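The values are calculated or read from the model by the stated rules, or taken from the named source; none is laboratory data. Because the structure is a prediction, the values reported are computed rather than measured. Virtual Cβ from ideal backbone geometry, glycine too; neighbours counted across all protein chains shown.
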Amino acid sequence: MKRNEDDRGISAQDIADFLANPPSSATLAVGEMENRFRDASDLVESFLTEGASRGKGAAAAATLHLAARTLADLRCGQYLVGNGFVIQMASVVRPAMEALNLIDLCAQDPDAAQRWAEGLNSNREFRAGKVRETLGIGAAPLYSWLSEISHPRYTGFQMTSFRIVGKDEPADAVPLLRTYIGGLPLEFAHVLVAATFPGHVLCVLGLALLHCEVKTEVAWTASTVARQVPETLRPGYEAIARLIDQHTEEADMAERMLRSIDELIATAREMEAIVREERERQGV
C-alpha cells in the first residue's frame, strides 16, 4: 500500500519502517517528557488566557507579560533539548528564570514594576544579579549551570567536542576532533538530565501564577494549577530517571530528580490547602 500525495495518513510501509527501526529507549523517554511538558504547559496557558482581566497598574501588566514570555521560552527550550540542542536550550531557559525573579520583584515592590515597565534604571536596578540581591536570594544551581552552558565557555566546548582515536590506530595517533553541529545524541547522560530542566522551571512558573492578576474565579485555581503542573510532568521525570541509572555513575541522580519534582508537588499542595481554608473562611 502506497501513500497518495494528498494522503496524510500512515501507510503500511510507514508501519513496516517503524518496526524495522524502532526508536531508542532514550528517544522514547525524551518523547514522554516532551509530551508531558506539552500537557503541563497547556494548563498554564489556559490559566493565563481564561483569566485575562482588566488589571490595573504596571505590576499587573508586567507580571502577565513575564509569565507569558516565560511560558513561550520554556516551550522553545523543551523543543530544543528534545532534539539534542542542550546549549541552545540553556540560552532560552536562563532568561526564563530571570523573568520569574522579576515576577517576584513586581509582587514585592509595585513601584519597581512601574519603573521596569517605563524602562527606567533598566541597566542597573533590573540586571539579573541586582534583582536577586534585592530579593535576598542567591543564584540557583540550575541557573548557574544554564549560565555557564549558554555562554561561549569551556563547559559548552567540553559538552559538544570529542577527541576520537580509532580502535585499530596506534596509541600515539593524533586524535580526530569531532564537534557536534547538530543535536547531541539523546543517549548522552547530560542530555537526558537536561531534558527535565524546562519542566522544572515550568513548575516554578506554576507557583508564580499566584502573583498574576486575573479574574477572581480563575485566581482561586492558581494553587491547583501549580500542583497539577508537576503532577502532570512526573511520568516524564520517571521515564528519564529509569534511563539515568543506566547512563551515569552517579547512582543517586535519578533519585534526586524524582525528589525534586516531589518537593515541588508538596509545596503546591501546601499552597492549595491554604487557599482552600481561605475560600472556606470567605464562604466562596
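At-a-glance table
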read-out: Residue within segment 52-62 that is in contact with an Asp or Glu (Cβ under 8 Å, 6 or more places away or on another chain), assigned to a helix (DSSP H, G or I) and modelled with pLDDT of 95 or more present; value: no
read-out: Test for ARG69: is it without any contact (Cβ under 8 Å) to a residue 40 or more places away in the chain, among the basic types (Lys, Arg) and farther than 24 Å from LEU43 by Cα; value: no
read-out: Top-ranked residue of segment 248-284 - restricted to ones that are modelled with pLDDT of 90 or more and among the β-branched types (Val, Ile, Thr), ranked as nearest to ALA194 (Cα to Cα); value: ILE261
read-out: Single residue of segment 137-192 satisfying the filter (more than 20 Å from the chain's Cα centre (by Cα) and of a type in the set (Gly, Ala, Ser)) that is surrounded by the fewest Cβ atoms within 10 Å (Cβ to Cβ); value: ALA171
read-out: Residue among VAL218, VAL193 that alone is farther than 22 Å from LEU64 by Cβ, part of a helix (DSSP H, G or I) and out of contact with any strand residue (DSSP E or B) (no Cβ under 8 Å at 6 or more places or on another chain); value: VAL193
read-out: Cβ pairs under 8 Å, 6+ apart, first in segment 180-199 and modelled with pLDDT under 85, second hydroxyl-bearing (Ser, Thr, Tyr); value: TYR180/THR160; TYR180/SER161
read-out: Sole exception among (1) within 20 Å of the chain's Cα centre (by Cα); (2) touching a residue at least 60 places away in the same chain (Cβ under 8 Å); (3) closer than 23 Å to ARG69 by Cα for SER91, by number; value: (2)
read-out: Residue in segment 76-93 that is at pLDDT 90 or above, among the aromatic types (Phe, Trp, Tyr) and more than 26 Å from ALA29 (Cα to Cα) present; value: no
read-out: Residue count, segment 115-173 (criterion: among the aromatic types (Phe, Trp, Tyr) and in a strand (DSSP E or B)); value: 1
read-out: Selected residue [touching an Asp or Glu at 6+ places or on another chain (Cβ under 8 Å), buried (at least 21 other Cβ atoms within 10 Å of the Cβ), among the hydrophobic types (A, V, I, L, M, F, W, C) and closer than 28 Å to GLN246 by Cα] from VAL81, VAL93, VAL86; value: VAL93
read-out: Residues satisfying the stated conditions in segment 20-51, i.e. among the small types (Gly, Ala, Ser), over 22 Å from ARG242 (Cβ atoms) and either surrounded by fewer than 19 Cβ atoms within 10 Å (Cβ to Cβ) or at pLDDT 95 or above (or both); value: ALA20, SER41, SER46
read-out: Some residue of segment 241-250 being farther than 19 Å from SER41 by Cα, part of a helix (DSSP H, G or I), without any contact (Cβ under 8 Å) to a residue 12 or more places away in the chain and out of contact with any His (no Cβ under 9 Å at 6 or more places or on another chain); value: yes
read-out: Selection status of SER260, assigned to a helix (DSSP H, G or I) and touching a His at 6+ places or on another chain (Cβ under 8 Å); value: yes
